[in-house]
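Read the figures in this text as sums done on the coordinates, not as results from a lab. This one's a predicted model, so the numbers in the text were calculated from it and none came from an experiment. Reconstructed Cβ throughout: ideal geometry from the backbone, glycine too, with neighbour counts over all protein chains shown.
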Amino acid sequence: MIRHIVLLKARPEVTDDHIQAIFAELHALTLPGILAIHSGRSESPEKIERGYLHGFTVDFADWRALATYLDHPDHKRVGAALVAAAQGGLDGILVFDLPVADAP
């Protein structure tokens, strides 16, 4: 499984409601190989988000499923909305893809 992790540092004028609307579009994606989607605002007690207060994860069956998602027009539409909401555009987004071993 591949866990696709995306963190967003939103522009100051972007509201939580606007970000939640983008996340709702993300959750509406029904592409093959998507196992789970989780999104929200950080509730970390450590408070070291460094401005990346919103994020989401998408779990994919494999690298092929992630590649299909990346090329899909619905992903590109949601991605463009995230970039528009991010402080500094693409500079306000972090992406990390983590291979996750199956549980024993």
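How much mean residue ellipticity at 222 nm does the chain get from its helices, if each DSSP H run of length 4 or more adds -39500 (n - 2.57) and you divide by all residues, to the nearest 500 deg cm²/dmol? Before the final figure, lay out the partial values.
Numbers: 3 runs with 34 residues, N = 104.
Helices in the chain give a 222 nm mean residue ellipticity of -10000 deg cm²/dmol.
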A chain fully extended from ALA80 to ALA101 at 0.36 nm per residue, minus the present Cα-Cα distance, gains in nm 4.5 nm
Mean 1/r over distinct Cα pairs of the stretch 5-60, inverted to a Kirkwood Rh in Å, yields 12.2
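Regarding the chain, what whole-number volume in Å³ per residue does the convex hull of its Cα atoms give? Walk me through the numbers before you get to the answer.
Working: hull volume 11.1 nm³, N = 104.
So the per-residue hull volume is 107 Å³.
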Karplus ³J(HN,Hα) for the stretch 31-36 (6.51 cos²θ - 1.76 cosθ + 1.60, θ = phi - 60°; Hz, whole; x = Gly/Pro) runs 9, x, x, 7, 9, 6
Proxy exposure order for HIS38, HIS72, HIS4 (fewest C-beta within 10 Å first) is HIS38, HIS72, HIS4
If one builds a Gaussian network model of the chain from Cα atoms under 10 Å apart, the most fluctuating residue listed among ILE48, ILE37, ILE93 is ILE48
